[in-house]
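Quick notes on the structure that follows.
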């Protein structure tokens, strides 16, 4: 599995945001500035392909999102 963690420099995620983070149409953005589907769709795509998406708060501040993706083994075929 490959793990990719991205951290922002904001205040982190509130307890309410954590509890609803992957809920369709939940957003922390002002009205009219977000549909609240990005994390839901991203998590769904990753899950369908054997991966996952999770979130946490970094001890020094900011939110962290971790994507876990399965590695694909490519078979090498030799001609002749």
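The numbers here are math on the coordinates, done by the rules we state, and not lab data. All figures in this text were calculated on a predicted structure; none of them were measured in a lab. Glycine gets a Cβ as well: all are built from the backbone with ideal geometry, and neighbour counts include every protein chain shown.
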Which of rounded, prolate or oblate describes the stretch 11-67 when judged by the alpha-carbon gyration tensor and an a/c cut-off of 1.5?
oblate
Sequence of 15, 23 once ranked by neighbouring C-beta atoms within 10 Å, starting from the fewest
15, 23
Just from its helices, what would the mean residue ellipticity at 222 nm be for the chain, if runs of 4 or more DSSP H residues each count -39500 (n - 2.57) and the sum is divided by every residue, rounded to the nearest 500 deg cm²/dmol?
-6000 deg cm²/dmol
Percent RCO, i.e. relative contact order, over the stretch 1-51, from Cα pairs under 8 Å lying at least 6 residues apart
24 percent
Fewest to most neighbouring Cβ within 10 Å: what's the order for 67, 13?
67, 13
With a 10 Å Cβ neighbour count serving as the proxy for reagent exposure, in which order, fewest first, do 3, 58 appear?
3, 58
